[in-house]
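Participant: Mind looking over this structure? Questions follow.
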Amino acid sequence: MSSADREPAGPPQLISDEDRDMAVQRLQEAYAEGRISYEEMDERLHQVLTARTHHDLVPVLAPLPEKHADTTSTIAAARGRIRRRGAWRVPRVLKVESAFGRVHLDLSHAVIEHPVVDIELHLGTGRAEIIVPRDAIVEMEELRTVWKVPRYRARRHPRPGGTRIRISGTMEYGRLKIRHARH
């Protein structure tokens, strides 16, 4: 293995209050829908409340069933920031709409249950950054840009079995940067 293939693991990413609140909400929703028992919710809530890193949240949230596995989720904002990070559940199809503002999607610690994830961008101006898992395979053939070419450097030696992330849609005067997580 060459030194280029080895990347430093770095310190574990600590969770924020927002990440913890989202995890608690997911557990409460799963209990309300009858998907987990009260005892299981109580045990998992304790794990969420004592978790320190995103790595600690993944085994707590990953087994939760998704409400509608094949639905499309849309995140939209006319102005301001769209931000998803931490242990959030990535839908099969994610539409992101922003007229003016920044978009930051971090999939590096997200729960991805599908072998293929479609991200459909509809961006006016502003910047967008997408951080994909280290072993993800990124495709952008269906992305149309008016002003700037997206910045993305594919991994030289992709690992087989990684999630395929297909990015499509339109970007008018914004700038898109896609990168692989370092750990």
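Participant: Got a sec? Which of Ser98, Ser168, Ser108 is within 30 Å of Gly34 (Cα to Cα), among the hydroxyl-bearing types (Ser, Thr, Tyr) and not assigned by TED's automatic domain parsing to the domain that holds Glu40?
Facilitator: Details: Ser98 fails: within 30 Å of Gly34 (Cα to Cα); Ser168 fails: within 30 Å of Gly34 (Cα to Cα).
Unique residue meeting the criteria: Ser108.
Participant: Being among the charged types (D, E, K, R) and more than 13 Å from Pro63 (Cα to Cα) is the filter here, so list the residues in region 26-46 that pass it.
Facilitator: From region 26-46, those among the charged types (D, E, K, R) are 26, 29, 33, 35, 39-40, 42-44; that's our starting set.
Once the filter is applied, which keeps residues that are among the charged types (D, E, K, R) and more than 13 Å from Pro63 (Cα to Cα), region 26-46 yields Glu29, Glu33, Glu39, Asp42, Glu43.
Participant: From Ile130, Ile119, grab the single residue that is under 20 Å from Thr170 (Cβ atoms), of a type in the set (Val, Ile, Thr), modelled with pLDDT of 95 or more and touching a Gly at 6+ places or on another chain (Cβ under 9 Å).
Facilitator: The unique qualifying residue is Ile119.
Participant: Please find, among Arg151, Arg79, Arg127, the residue that is without any contact (Cβ under 8 Å) to a residue 24 or more places away in the chain and among the basic types (Lys, Arg). Let's see the steps before the verdict.
Facilitator: Numbers: Arg151 fails: without any contact (Cβ under 8 Å) to a residue 24 or more places away in the chain; Arg127 fails: without any contact (Cβ under 8 Å) to a residue 24 or more places away in the chain.
Sole residue among the options that is without any contact (Cβ under 8 Å) to a residue 24 or more places away in the chain and among the basic types (Lys, Arg): Arg79.
Participant: Could you count how many residues in region 143-183 are under 20 Å from Ile112 (Cα atoms), assigned to a strand (DSSP E or B) and out of contact with any Lys or Arg (no Cβ under 6 Å at 6 or more places or on another chain)?
Facilitator: Adding up the residues that qualify gives 7.
Participant: Working only within region 79-111, note down all residues that are more than 26 Å from Thr53 (Cβ to Cβ) and acidic (Asp, Glu).
Facilitator: If the condition is that a residue be more than 26 Å from Thr53 (Cβ to Cβ) and acidic (Asp, Glu), then Glu97 is the only one that fits.
To keep it simple, each residue is scored yes or no on (1) closer than 21 Å to Ser16 by Cα; (2) of a type outside the set (D, E, K, R); (3) crowded, with 16+ Cβ neighbours inside 10 Å; (4) in contact with a helix residue (DSSP H, G or I) (Cβ under 9 Å, 6 or more places away or on another chain).
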residue	(1), (2), (3), (4)
Asp56	yes, no, yes, yes
Gly86	yes, yes, yes, yes
Pro91	no, yes, yes, no
Leu107	yes, yes, yes, no
Ile119	no, yes, yes, no
Leu123	no, yes, yes, no
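Participant: Collect the residues in region 14-56 that are part of a loop (DSSP other than H, G, I, E, B), at pLDDT 90 or above and under 21 Å from Val90 (Cβ atoms), keeping them in residue-number order.
Facilitator: Going residue by residue through region 14-56, those that are part of a loop (DSSP other than H, G, I, E, B) are 15-16, 33-37, 51-52.
Still in the running and at pLDDT 90 or above: 51-52.
Selection gives Ala51 alone.
Participant: Another question, if that's okay. Here are some residues: Ala62, Ala23. Which one is surrounded by 15 or more Cβ atoms within 10 Å (Cβ to Cβ) and within 22 Å of Leu107 (Cα to Cα)? Spell out the reasoning first.
Facilitator: Values: Ala62 fails: surrounded by 15 or more Cβ atoms within 10 Å (Cβ to Cβ).
Step by step, each of Ala62, Ala23 is checked, and only Ala23 is surrounded by 15 or more Cβ atoms within 10 Å (Cβ to Cβ) and within 22 Å of Leu107 (Cα to Cα).
Participant: Of the residues in region 26-54, how many are hydroxyl-bearing (Ser, Thr, Tyr) and surrounded by 13 or more Cβ atoms within 10 Å (Cβ to Cβ)? Explain how you work it out, then say what you get.
Facilitator: Quick first cut of region 26-54, residues hydroxyl-bearing (Ser, Thr, Tyr) only: 31, 37-38, 50, 53.
Now restrict to residues that are surrounded by 13 or more Cβ atoms within 10 Å (Cβ to Cβ): 31, 53.
The qualifying residues number 2.
The values are calculated or read from the model by the stated rules, or taken from the named source; none is laboratory data. In this text, all values refer to a predicted model and were calculated from it rather than measured experimentally. Glycine gets a Cβ as well: all are built from the backbone with ideal geometry, and neighbour counts include every protein chain shown.
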